[in-house]
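Chemist: Dumping the structure here so I can ask a few things about it.
Derivation of every value follows stated rules applied to the coordinates shown; laboratory data play no part. This is a predicted model, so every value here is computed, not measured. Don't worry about glycine lacking a Cβ; one is built from the backbone with ideal geometry, like all the others, and counts go over all protein chains shown.
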Amino acid sequence: MTTQKSSTGNAPHFPEQVTGMYILAKALKDNGLDHMFGLCGIPVTDLAYLCQQQGIKYVGFRFEQQAGMAAATYGFLTKKPGLLLTVSSLGFLNGLTATINATVNCYPMIQISGSSSREHVDMNQGGYEDLDQYNVAKPLVKAAFRVNKASDLPIAVARAFRAAVSGRPGGVYLDVVESCLGEIVDNSATKSWYFKPVDPCPAMIPSPESVDRAVRLLAGAKRPAILLGKGAAYAQIDDKIKQLVETTGLPFFPMSMAKGLLPDDHPQSALSCRSTIMEEADVVMLIGARLNWLLSCGHGKWNPEGKFIQLDIDPDEMDCNRPIAAPVVGDLDSSVSAILDKLKDVKLGMDPAWMEKLKAETREKNARFADRLESHKKDMPMTHWAALDAIKPILEGNPDVILVNEGANTLDDTRDTINMFKPRHRIDCATWAIMGMGMGSVVGAAFATGKSVVAIEGDSAFGFSGMDFATICRFNLPATVVVFNNGGIYNGIGVNLAHNGDPAPTTLDIDAHYEKIGEAFGAKSYYVTRPEELAKALAEAIASKKPNFIHVQLAADSGKESGHIGYLNPEALQHPIA
Ligand code: ADP
Ligand code: TPW
Ligand code: MG
């Protein structure tokens, strides 16, 4: 075998010779990794061409972060890593934010980035776009590998694939050095390098003792509840979750992205009883959900005497914030199956009054919520509630539509208003509550499922990813982006404490015409000020199965500041700093 390095762009004599890039593209395709989201430039442009030639769907973005959000969402919905392709230095860093976010959220994806010549990077000599990317990424992602030799590329792909999907899923970084991408090798020598990893995501069976312990604890509970997280949605064991809930008759509470795993209006849904479950449940079974900030880290309102059963693939998650009385470590398919099996011999001791209480509370809270929506129906200019009242019947009448959602009030109010009926149909800013997942997630969800997607975006949230509406249009995706414009972060009525004429820190652009972004890229675009216009536009948009843009004009004072610190502002206003 003759191996000659080519960073100067020598063309290989195909098919006798191939480059590292060719080997990488073929290894990805051979592993069934068939969607790549990215942004081209030196040194990965040819890699993108070669991937496309191999039959990998290549989706080019305007911003690497959004390509990464697409890869992550694709990974969450398919259990197969989405691929993100980035150039070196800033391109890599822009994409890395999404790879880290995917790791935090347990979504499988692989970021592949070209990187500059090791000689220059290691000597800090100012090479083209030089940055020690591998060492930047390593502490922040699930796994990182740097590939220096073309012959290592197939094994690197296999390792990245395994790392992304096995155990707790996450983001993996594959650093491919420029010289490796351009390395020219004899094609005949490469044949033995390719392989398909055997069982890349092996079952992880929980110990029988852990299953016994969990079932015993559950059987003795008087006021039990099941709490479903997005890990349960990810696992794609929908029938088993349904069986577990329905054969036990226990109340269940879904976290935001687990909504729809069972229909939100299921008779055992305790979606409206979060506080009561926290305060009064004696045993809570966490299924693919972490006791993180979204659940007050297990403290706050939680019953201090309450006990937890936790089903998770990651042993380190146990006792993270609260002692876990019955840890069940395994993949959810194996763990839920084992628990279902064991439950056949067990009689549960739930107090029927507990379920009655939760049902009564659900009826009462839902009626109150409906009254509240009703009372805001005619708010003019529209509030979040008036807009959501118009949207609710349309989205609930199209349960196959995937809902992407980010913002502050726009997030909370949409989550609380729109019932979900199908698993994995709600994608939001999730564990880190980050803004800037919108357009990328729309694209990832559309490619992962082939379904229609509707994004409901706060005006601030939309601003983070808005330019990639272009990508939705370029690929003619059946996606509608709805922007709730209240003119700011939380709202548009922030006050400038310096009184110097500058906009307040939270103030954005109440008079902007976001729908022009839709027009710019050829989407059907609407500007709506009234609920009936909104309902009509959304129904048409979904039916069209094409890109659509709906700018919803809200009142600037619609929405409250998150974190309940709004009271600080009036206080400060009384004592303006001169
Ligand atoms: P949520 O935000 O909905 O509460 P989290 O992201 O906090 O959900 O928790 C998801 C959990 O699911 C993580 O702890 C992760 O390890 C776990 N998980 C993901 N996939 C699986 C799986 N296939 N089997 C078991 N646990 C899983
Ligand atoms: C990457 C901080 C939290 S919520 C939000 C910001 C900027 C926007 C809220 O305004 P929006 O929604 O979207 O208009 P609404 O309906 O309340 O008016 N940067 C990042 N992530 C976060 N979370 C922030 C900043 C933030
Ligand atoms: Mg806003």
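Chemist: Would you mind checking the radius of gyration and Dmax of the range 141-225 based on alpha-carbon positions, in Å?
Modeler: 21.1, 69
Chemist: Suppose a student asked you for the relative contact order of the chain, using Cα pairs under 8 Å spaced at least 6 residues apart; what percent would you report? Spell out each step's value before the answer.
Modeler: On the way: 1278 pairs, mean separation 72.0, N = 578.
Across the chain, relative contact order equals 12 percent.
Chemist: So for the pair K149, A498, with labels modelled 7 Å out along Cα→Cβ, what separation do we get in nm?
Modeler: About 5.9 nm, to one decimal.
Chemist: Going by amide H atoms built from the backbone, whose H comes under 5 Å of the H on A479, apart from near neighbours?
Modeler: V453, K546, N548
Chemist: Taking 0.36 nm per intervening residue step and subtracting the Cα-Cα distance, what contour gain separates N187 from R216 on full extension?
Modeler: 4.5 nm
Chemist: May I ask you to derive the FRET efficiency for I42 and D345 from their Cβ-Cβ distance with R0 = 56 Å, giving the value to the nearest 0.05?
Modeler: It comes to 0.30.
Chemist: Would you work out the relative contact order for the range 475-559, in percent, from Cα pairs under 8 angstrom that are 6 or more residues apart?
Modeler: 46 percent
Chemist: Would you grab the residues whose amide H sits under 5 Å from the one on S525? Only those 5+ places off in sequence or on another chain, please, with H modelled 1.01 Å from N.
Modeler: F549
Chemist: With +1 assigned to the C-beta of every Lys and Arg and -1 to the C-beta of every Asp and Glu, and no other charges, what is the dipole magnitude of the range 380-524 about the Cα centre in debye, to the nearest 20?
Modeler: The calculated dipole for the range 380-524 is roughly 560 debye.
Chemist: Give me the one-decimal Kirkwood hydrodynamic radius in Å for the chain, with the sum taken over alpha-carbon pairs.
Modeler: So the Kirkwood estimate lands at 25.4 Å.
Chemist: Here's a follow-up. For the range 105-126 and the range 320-346, what is the separation of their Cα centres, given in Å?
Modeler: A separation of 40 Å, based on Cα centres.
Chemist: Between E519 and E305, what length comes free when the chain is fully extended (0.36 nm per residue of separation minus the Cα-Cα distance, one decimal in nm)?
Modeler: That works out to 71.3 nm of additional length.
Chemist: For the chain, what is the percent of antiparallel DSSP beta bridges, rounded to the nearest 5?
Modeler: Taking every DSSP beta bridge with both residues in the chain, the antiparallel ones total about 10 percent.
Chemist: Moving to a separate point now. Past the 23 Å Cα-Cα mark, which pairs from K259/K377; K240/K545; K307/K357; K57/K80; K222/K422? Spell out each step's value before the answer.
Modeler: On the way: K259/K377 25 Å; K240/K545 32 Å; K307/K357 20 Å; K57/K80 14 Å; K222/K422 30 Å.
Over 23 Å apart, Cα to Cα: K259/K377; K240/K545; K222/K422.
Chemist: Also, quick follow-up: What spacing in nm lies between the two simple spin-label points modelled at R368 and T529, each 7 Å away from Cα in the Cβ direction?
Modeler: Output for this residue pair reads 3.5 nm.
Chemist: Given a Förster distance of 35 angstrom, what is the FRET efficiency for N135 paired with D509, based on the Cβ-Cβ distance and rounded to 0.05?
Modeler: E between N135 and D509, to the nearest 0.05, is 0.30.
Chemist: List the residues of the range 264-301 whose backbone N lies under 19 Å from a point placed 7 Å from the Cα of A360 along the Cα-to-Cβ direction.
Modeler: Answer for the range 264-301: 267-282.
Chemist: Separate question: Among 326-338, 533-545, 386-398, how do they line up by average Cβ neighbours within 10 Å per residue, starting with the highest? Before the final figure, lay out the partial values.
Modeler: Working: 326-338: 22.0, 533-545: 18.7, 386-398: 20.2.
Listed from highest to lowest mean packing, they are 326-338, 386-398, 533-545.
Chemist: Among Y58, Y74, Y194, which comes first, then next, by fewest other beta-carbon atoms within 10 Å?
Modeler: Least crowded to most crowded, the residues run Y194, Y58, Y74.
Chemist: While we're here: Rounded if a/c is under 1.5, else prolate if a/b beats b/c, else oblate: with a ≥ b ≥ c from the C-alpha gyration tensor eigenvalues square-rooted, which is the range 409-448?
Modeler: Judged from the Cα gyration tensor, the range 409-448 comes out oblate (a/c at least 1.5, b/c at or above a/b).
Chemist: Between the range 24-50 and the range 272-313, what is the C-alpha centre distance in whole Å?
Modeler: With the range 24-50 and the range 272-313 each reduced to a Cα centre, they are spaced 43 Å.
Chemist: Using helices alone, I'd like the mean residue ellipticity at 222 nm for the chain: each DSSP H run of four-plus residues gives -39500 (n - 2.57), total over residue count, nearest 500.
Modeler: Numbers: 23 runs with 230 residues, N = 578.
The per-residue figure over the chain is -11500 deg cm²/dmol.
Chemist: Continuing with the same structure: Which ³J(HN,Hα) values, rounded to whole Hz and listed in residue order, are derived for the range 313-329 from phi using the Karplus coefficients 6.51, -1.76 and 1.60 in 6.51 cos²θ - 1.76 cosθ + 1.60 with θ = phi - 60°, glycine and proline given as x?
Modeler: The phi angles translate into 7, 9, x, 5, 6, 5, 6, 4, 10, 10, x, 9, 5, 9, x, 10, 9 Hz.
Chemist: Using a Förster radius of 51 Å, what is the FRET efficiency between M380 and T247 based on their Cβ-Cβ separation? Nearest 0.05, please.
Modeler: 0.55
Chemist: Sort out for me the Cα centre separation of the range 354-406 from the range 446-487, rounded to whole Å.
Modeler: 22 Å
Chemist: What are the residues whose amide H is under 5 Å from the amide H of V147, where those residues sit 5 or more places off or on another chain and H is modelled from the backbone?
Modeler: D175, V176, V177
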